[in-house]
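Remarks on the structure that follows.
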Amino acid sequence: MAGLILGIAAMTTMPASADALKDEMAPTGKLRVAIAISPAGGAFWSTKTESGGYAGVPVDLGKEMAAQLGVPVEYVVHNNSGQITDSASNKTWDVTFLPKDPEREGKMSFGPIYEVADATYIVKPNSAVTNFATLDQPGVKVAAVNNTTTMRGAIAHLKNAKVTGYQTYDEIFGLLSKGEIDAFALSRDQLNAMAKKIPGTKVLDETFKQTVTAVAVPPNHPESLAFAAKFLTEAISNGTLRKAYDNNGLKDAPIRTQTR
């Protein structure tokens, strides 16, 4: 009899737990995944598709997470990771995948890291700048995507050059191609891709910081955080993350989950 009672108790508590998770993680009935749109590519940025949808590592991970929850997925579009951060307490999204730093840890809750990227600078076409020392000079204009961990890192790194934030990658791309800024701070892989599109630019060899990208949920969502952490840990080990990389132009990119 005692075993029967325990069995019935377990059956009644399991759905309640699942319902509690859905209520917290998908309060609208959909899993709202915050993404940032840019042609930069990589493990954080997403892109618009010709059919009107979205593609990217966060897109694939969000879709798989929603499937595990048993709810539809909805993508909440932003221009950059800073906008996602600023909206963390507004109840407009449920989960995201974005670069992590101490400032953001005070505004949202992070799970495991799934990407480590080396940040550096690309300099304008035919620039005389060859290294960090020649870049960090008075009057030099360096751009970064506004309110991002890379921008904060560049400001801390450069003592003389001026770092200015812009809302979109596309805007900075245009300024760099016209020579209206001297350099752009971003991850090396993304800048290497940019260099192929803007003849005469050069990606500097040095690295000024490592940017780590992780899964995150809004603050005070303990069940959501536990689920997201478990999901990403399993995605790293079972090939789901590797598949997301391969589907989004990153077949040659190794999965890095720890800083050097």
Item to check | Within the chain, helix-based [θ] at 222 nm, where runs of 4 or more DSSP H residues each add -39,500 (n - 2.57), nearest 500 | outcome: -12000 deg cm²/dmol
Checklist entry - Say the dipole of the chain comes from +1 at the beta carbon of Lys and Arg and -1 at that of Asp and Glu; which of M151, A67, M25 then lies farthest toward its positive end? => result M151
Item to check | Accessible surface of region 203-260 [probe 1.4 Å, protein heavy atoms]: carbon and sulfur percent | outcome: 49 percent
Checklist entry - Could you give the alpha-carbon Rg of region 103-235 over 2.2 N^0.38 Å, rounded to two decimals? => result 1.19
Item to check | Compactness of the chain, expressed as Rg and Dmax over alpha-carbon positions, Å | outcome: 20.6, 83
Next on the checklist: 7 Å from Cα along Cα→Cβ at both N238 and V77: what's the point-to-point distance in nm?
Outcome noted: 3.1 nm
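Once the Cα gyration tensor of region 179-238 is diagonalised, what are the square roots of 5 times its eigenvalues, in whole Å and ordered largest first, as equivalent ellipsoid semi-axes? Don't skip to the end; give the middle numbers.
Values: eigenvalues 262, 39, 21 Å².
Rounded to whole Å, the semi-axes are 36, 14, 10.
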Item to check | Where the chain is the region considered: accessible area per residue in Å², 1.4 Å probe | outcome: 48 Å²
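If you restrict to DSSP beta bridges whose two residues both lie in region 104-260, what percentage is antiparallel, to the nearest 5?
Numbers: 15 of 22 bridges.
Bridges in region 104-260 are about 70 percent antiparallel.
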Checklist entry - Three principal axis extents, largest first, for the C-alpha atoms of region 31-106, in Å? => result 35, 30, 18
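All other residues with a Cβ under 15 Å from the Cβ of S38 taken together, and with Lys, Arg as +1 and Asp, Glu as -1, what is their net charge? The partial results should precede the final answer.
Numbers: positive: K48, K197; negative: D170, E171, D189.
Summing Lys/Arg as +1 and Asp/Glu as -1 gives -1.
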Checklist entry - Going down the table (K209/K251; K159/K196; K141/K197; K63/K124; K30/K162; K141/K196), which pairs top 32 Å between alpha carbons? => result K63/K124; K30/K162
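Any idea what the dipole of the chain comes to, in debye rounded to 20, about its Cα centre with Lys/Arg Cβ at +1 and Asp/Glu Cβ at -1?
On the way: 26 positive and 26 negative charges, 99 e Å.
Dipole about the Cα centre, nearest 20: 480 debye.
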Checklist entry - Just for the Cα atoms in region 214-260, what are the lengths along the principal axes, largest first, rounded to whole Å? => result 37, 24, 17
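The values are calculated or read from the model by the stated rules, or taken from the named source; none is laboratory data. This structure is a prediction, so every number in the text was calculated from the model and none was measured. Cβ: placed from backbone, ideal geometry, glycine included. Neighbour counts: every protein chain shown. Just so you know, the surface numbers come from the protein's heavy atoms only, side chains and all, with ligands and any DNA or RNA stripped out. Shrake-Rupley method; radii C 1.70, N 1.55, O 1.52, S 1.80 Å.
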